Every structure is written in C-alpha cells, then in structure tokens.
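A.B. asks: Got a structure for you, questions after.
The values are calculated or read from the model by the stated rules, or taken from the named source; none is laboratory data. This is a predicted model, so every value here is computed, not measured. Because the Cβ atoms are built from the backbone with ideal geometry, glycine has one as well, and the counts that use them run over all protein chains shown. Just the protein is used for accessible areas: all its heavy atoms, side chains included, with ligands, DNA and RNA removed. Shrake-Rupley method; radii C 1.70, N 1.55, O 1.52, S 1.80 Å.
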Amino acid sequence: MEQKMKAVVLHAPGEYQVELVDIPQPGYNEVLVEIRSIAICGSDPGIFAGKVRKDGWPPHYPFIAGHEFAGRVAAIGEGVSNLKPGDRVAGEAHSGCGTCEMCKQGLYNLCMNYGHSGHHHYGHAHSGCYAQYQVYDQKALTIMPENVTYDEGAMIDTGGTAFNGIRLIGIVPGGWTAVIGPGPMGILLAQMAKAMGSKTIVIGYKDHDRLAVARELGVDHTIETTEVADVVEEVRRLTGGRGADRSFDCAGAGDTLDELIRMTTKNGKVGVIAYPKVPTTQEALYYMVKNQITVQGVRANPNCSLPLLGMIGHGKVNARRLVTHTFPIEQTEQAFDTFINHKDGAVKVVIHPNGEEENE
C-alpha cells in the first residue's frame with residue numbers, strides 16, 4: 001500500500017484543499033478503511049466554515065472532516081474480532097467509550113465521556129472521511145449486504161438518524177406522518193414511515209425538485225409552503241381535520257418546530273432532528289400542553305445501521321435514487337457548491353475519493 005493518500009484538509013474556517021498526507025495506521029480495536037463513497041451531510045458546510053467551533057468542531061486545525069461514508073476494510077489492528085480485510089462496511093459518526101452509563105444502555109450517541117476515554121465523534125471531534133483512507137474503531141462499522149452499494153451505504157449515518165427518530169416516537173400504521181424538510185434525511189424518513197404502514201406528507205420551502213423526488217419515491221402528499229396560505233391548515237385538510245399522528249423536523253429553519261407542534265393531532269408526538277434556529281413561541285407551547293403533544297429530541301443513530309441496511313437491501317427504502325451527483329475528491333469544492341445551492345436538482349451529493357470503479 002502507498003504510504004500517502006489524498007485528503008481534504010481544513011487549515012482555517014473556509015480554507016481547505018486536497019493534499020497528500022500520511023495514511024493512518026490502525027491501533028488496538030481499530031480498522032483502516034479504504035473510503036469508497038463520502039456523502040456530504042448538511043452539517044459539513046458549517047464545520048468547514050468554522051461556524052460550530054463553539055461545539056469543538058473541529059477541535060483544531062489542520063483537520064479532516066466528514067462522517068457519512070462507506071468503504072472496504074484495508075487492514076485491521078490488534079484486537080479486532082468482527083471484521084477482516086475486504087469486508088464492505090458502512091460507517092457512523094459516533095463510537096462511544098463503551099463503559100459509561102449511557103453506553104451501557106446502548107446510547108453511545110450520548111456517551112458521557114465525549115471527547116475522552118475511548119469516545120470518538122468522527123468528522124467532528126476526531127478525524128473523518130474526506131480522505132482515501134481513515135482509521136475507525138471497529139464499533140463504528142457495520143458490514144453491508146452484498147446488494148447494497150457503497151453510495152447507498154454512505155447514507156446509513158443520515159438515514160440512521162431518521163430511523164432513530166422513528167424508533168423514539170414510533171409510527172402509527174394507518175395514521176399520518178408529516179415531515180418538514182425534503183432533504184435526504186426527510187425523504188428517507190418518509191419512506192421508512194410508508195414502509196411501516198403510515199400515510200405520509202413531506203413539506204418543503206422552495207424545494208420543487210426535491211419534493212418531486214419524494215413523490216416519485218411514494219410519498220402520499222407533498223406541500224410547497226410558498227404555494228399554500230397556511231401549511232398547518234393544509235396538513236389538517238389532508239388529514240381530514242385531525243392533524244398528523246407523528247411529525248418530524250428535518251429542516252430546523254424558521255418556525256418549523258412551531259408549525260410541527262400545531263399540525264400534530266391530540267396526544268401526538270413530534271420528533272426534533274434538526275437543531276431549531278429560533279426559540280419556540282408561547283403559542284406553540286400552549287398548544288403542546290393543551291393537546292398533550294410529546295416533543296422528543298433526536299440525536300444521531302445508535303444501533304440503527306443494521307436495520308436500515310436491511311431495509312435498503314430488501315427494497316423497502318430506496319436510497320440510490322437520492323444520489324443525484326457524484327464527484328472525485330479533487331472536485332470537493334464543486335461538490336459542496338452543488339450540494340449547498342441545490343444545483344441541478346441536487347439531493348444527495350457523493351464524493352468518490354478512490355475513483356468510480358467497483359463502487360457498485
């Protein structure tokens with residue numbers, strides 16, 4: 001194996017370039033992965049721009065970001081028991097310490113030793129996947145079914161977060177699920193809800209292309225908010241006046257959380273996946289109490305990779321259709337521009353750091 005690799009290296013907020021750097025070597029319980037597909041996440045632009053330094057993301061410069069990926073095991077370190085060279089794997093961002101109270105409950109996304117004692121948050125607090133190779137704790141990797149491609153596997157992290165939201169508040173078979181935010185996470189979530197027997201509504205703002213993809217993938221109704229007088233009333237109209245049984249915020253823009261609370265039926269539940277950008281209004285809080293609405297925060301995707309890989313492998317969730325653009329690692333800047341500005345109907349933008357061959 002060559003001792004150097006290409007990586008996208010951040011040197012300061014907004015300053016990055018593709019460079020040749022040393023290939024990292026796996027330590028105890030670690031695996032070296034040849035990265036085949038990198039999916040750009042909605043949180044990546046903020047990390048690249050230095051907008052989340054308050055959270056320690058990144059913790060230092062230079063830094064290699066990125067956390068949505070799939071690849072092939074290139075080498076294993078001492079102590080690795082469940083993986084071998086050649087295995088095709090999907091990764092996730094969080095790897096807990098394994099010993100704290102939260103990790104023992106399987107909630108390693110809430111590890112109490114964040115940033116210490118064996119915890120890793122790849123692409124945020126620890127080096128990530130915008131590179132040809134990267135080292136990961138074996139706990140952060142899941143073997144993919146043979147019929148799941150690397151591009152599909154790279155969406156397991158974002159799709160797993162949607163799955164976690166569903167697992168936390170449930171889906172009502174025969175009921176209604178409303179999703180604000182027709183990005184990859186929102187469309188994946190709607191597909192899962194549909195597969196679980198719910199009728200679905202996906203809501204977007206100036207998102208005609210993405211809403212068209214949602215309809216293509218089986219969503220029952222879509223709402224473009226610029227085309228209706230009141231999005232809450234439109235959801236109530238579609239649901240026969242009662243509102244959605246389960247509602248999810250995958251956008252975190254403007255007053256989306258307020259709208260979700262008000263479009264949810266009595267005793268319904270709201271899953272908040274995207275960070276709210278503005279405080280919740282007193283009106284929404286009043287509605288929440290009056291109608292016994294549960295509002296559940298959702299963080300990351302603990303133990304979600306395997307079931308979601310199964311749903312994709314069995315054709316219950318179409319992740320492949322969401323990949324609209326691919327780029328080599330040398331064109332990372334162009335890939336970011338396409339993703340951020342939704343150019344040419346972009347939904348999910350994927351980077352192939354080791355070339356297109358064998359991606360299937």
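A.B. asks: Whole number in Å², please: accessible area per residue of region 1-154, 1.4 Å probe, ligands, DNA and RNA not counted.
C.D. replies: Numbers: 6250 Å² over 154 residues.
Heavy-atom accessible area per residue stands at 41 Å².
A.B. asks: With θ taken as phi - 60° and the coefficients 6.51, -1.76 and 1.60, list the Karplus ³J(HN,Hα) couplings across region 31-46 in order, rounded to whole Hz; mark glycine and proline as x.
C.D. replies: Couplings: 10, 8, 10, 7, 6, 9, 9, 10, 9, 6, 9, x, 7, 4, x, x Hz.
A.B. asks: Can you tell me which of Ala70, Ala195, Ala154 moves the most in a GNM of the chain? Springs connect C-alpha atoms under 10 Å apart.
C.D. replies: Ranking Ala70, Ala195, Ala154 by mean-square fluctuation puts Ala195 first.
A.B. asks: Still on this model: Please sort by residue number the GluC sites (Glu not before Pro) in region 1-83 whose DSSP state is loop and whose Cβ has at most 15 other Cβ atoms within 10 Å.
C.D. replies: On the way: sites: Glu2, Glu15, Glu19, Glu30, Glu34, Glu68, Glu78; in loops: Glu2, Glu68, Glu78.
The qualifying sites are Glu2, Glu78.
A.B. asks: Hey, another quick one. For region 249-303, with only Lys/Arg (+1) and Asp/Glu (-1) charged at the beta-carbon, what is the dipole magnitude about the Cα centre, in debye rounded to 20? Working shown, then result.
C.D. replies: Working: 6 positive and 5 negative charges, 42 e Å.
It works out to roughly 200 debye.
A.B. asks: Once you treat every alpha carbon in the chain as an equal point and sum by Debye, what is log10 I(q)/I(0) at q = 0.11, 0.13, 0.14 Å⁻¹?
C.D. replies: For the chain, the Cα-only Debye profile gives -0.72, -1.01, -1.16.
A.B. asks: Oh, and also: Can you work out the Karplus-derived ³J(HN,Hα) for every residue in region 174-191? Use 6.51 cos²θ - 1.76 cosθ + 1.60 with θ = phi - 60°, whole Hz, and x for glycine or proline.
C.D. replies: So the Karplus estimates, Gly and Pro as x, are x, x, 10, 10, 10, 10, 9, x, x, x, x, 5, x, 5, 4, 4, 4, 5 Hz.
A.B. asks: What is the sum of charges around Met288, taking Lys and Arg as +1, Asp and Glu as -1, for the other residues whose C-beta is under 12 Å from the C-beta of Met288? List each step's numbers first, then the result.
C.D. replies: Working: positive: Arg262, Lys266, Lys269, Lys290; negative: Asp258, Glu283.
Taking every Cβ under 12 Å from that of Met288, the sum is +2.
A.B. asks: Same structure again: Can you tell me how region 1-122 classifies by the Cα gyration tensor, rounded, prolate or oblate, using a/c under 1.5 as the rounded cut?
C.D. replies: Working: a/c = 1.85, a/b = 1.08, b/c = 1.71.
Oblate shape, in that a/c is at least 1.5 and b/c is the bigger or equal ratio.
A.B. asks: Quick one: which residues, 5 or more positions from Ala75 or on another chain, have an amide H under 5 Å from its amide H? H modelled 1.01 Å from N in the peptide plane, none for Pro or chain starts.
C.D. replies: HN-HN under 5 Å from Ala75: Leu32.
A.B. asks: Ok, one more. Roughly to the nearest percent, how much of the accessible area of region 210-264 is carbon and sulfur, given a 1.4 Å probe? Intermediate values should be presented prior to the final figure.
C.D. replies: On the way: 880 of 2110 Å².
Ligands and nucleic acids excluded, carbon and sulfur give 41 percent.
A.B. asks: Roughly what % of DSSP beta bridges within the chain run antiparallel, to the nearest 5? Could the numbers behind the result be given before it?
C.D. replies: Details: 32 of 60 bridges.
Roughly 55 percent of the beta bridges in the chain run antiparallel, per DSSP.
A.B. asks: Still on this structure, I have one more. Provide the net charge surrounding Val18, with neighbours chosen by a C-beta distance below 14 Å and charges set as Lys +1, Arg +1, Asp -1, Glu -1.
C.D. replies: Overall, the nearby charge balance is -2.
A.B. asks: At a 1.4 Å probe radius, carbon and sulfur cover how many percent of the accessible area of region 55-122?
C.D. replies: Values: 1480 of 2770 Å².
Summing carbon and sulfur atoms, their accessible area is 53 percent of the total for region 55-122.
A.B. asks: Rounded to the nearest 5, what % of the DSSP beta bridges within region 1-146 are antiparallel ones?
C.D. replies: On the way: 30 of 31 bridges.
Once the DSSP bridges in region 1-146 are tallied, antiparallel ones form about 95 percent.
A.B. asks: Let me ask another. Near the amide H of Ile223, under 5 Å away, which other amide H atoms are found, from residues 5 or more places off or on another chain, if H is placed in the peptide plane?
C.D. replies: Here the answer is Val202, Ile203, Gly204, since their amide H atoms fall under 5 Å of that of Ile223.
A.B. asks: Can you tell which of Asn303, Leu257, Val323 lies farthest toward the positive end of the dipole of the chain, using +1 and -1 charges on the Cβ of basic and acidic side chains (Lys, Arg; Asp, Glu)?
C.D. replies: Leu257
A.B. asks: Moving on. If you put +1 on each Lys and Arg Cβ and -1 on each Asp and Glu Cβ, how big is the dipole of the chain around its Cα centre, in Debye rounded to 20?
C.D. replies: Working: 32 positive and 41 negative charges, 268 e Å.
The calculated dipole for the chain is roughly 1280 debye.
A.B. asks: To the nearest 20 Debye, how big is the dipole of region 131-275 about its Cα centre, given +1 on the beta carbon of each Lys and Arg and -1 on that of each Asp and Glu? If you can, show how the numbers build up before the last one.
C.D. replies: Working: 14 positive and 19 negative charges, 127 e Å.
Dipole of region 131-275, to the nearest 20 debye: 620 debye.
A.B. asks: Still on this structure, please answer the following. Taking a probe of 1.4 Å, how large is the accessible area per residue of region 248-360, in Å²? Numbers along the way, then the final one.
C.D. replies: Numbers: 5500 Å² over 113 residues.
On a per-residue basis, region 248-360 sits at 49 Å².
A.B. asks: On to the next question. Kindly write out, for region 203-211 in residue order, the coupling ³J(HN,Hα) from the Karplus curve 6.51 cos²θ - 1.76 cosθ + 1.60 (θ = phi - 60°), rounded to whole Hz, with x marking Gly and Pro.
C.D. replies: 3J(HN,Hα) across region 203-211, in whole Hz: 10, x, 10, 6, 10, 4, 5, 5, 5.
A.B. asks: Return the carbon/sulfur percentage of the accessible area of region 273-349, one whole number, probe 1.4 Å, all protein chains in place.
C.D. replies: Details: 2260 of 4230 Å².
The computed percentage sits at 53.
A.B. asks: Too long at a 20 Å Cα-Cα cut-off: which of Lys6/Lys51; Lys51/Lys277; Lys84/Lys139; Lys51/Lys206?
C.D. replies: Working: Lys6/Lys51 25 Å; Lys51/Lys277 14 Å; Lys84/Lys139 13 Å; Lys51/Lys206 24 Å.
Among Lys6/Lys51; Lys51/Lys277; Lys84/Lys139; Lys51/Lys206, the Cα-Cα distance tops 20 Å for Lys6/Lys51; Lys51/Lys206.
A.B. asks: For the chain, set up a GNM with springs between Cα atoms under 10 Å and report which of Val202, Val289, Val347 has the largest fluctuation.
C.D. replies: Sorting by GNM fluctuation, first place goes to Val289.
A.B. asks: Okay, next question. Compute the distance from the alpha-carbon center of region 46-123 to that of region 281-316, in whole Å.
C.D. replies: If we compute the Cα centre of each part, the gap is 22 Å.
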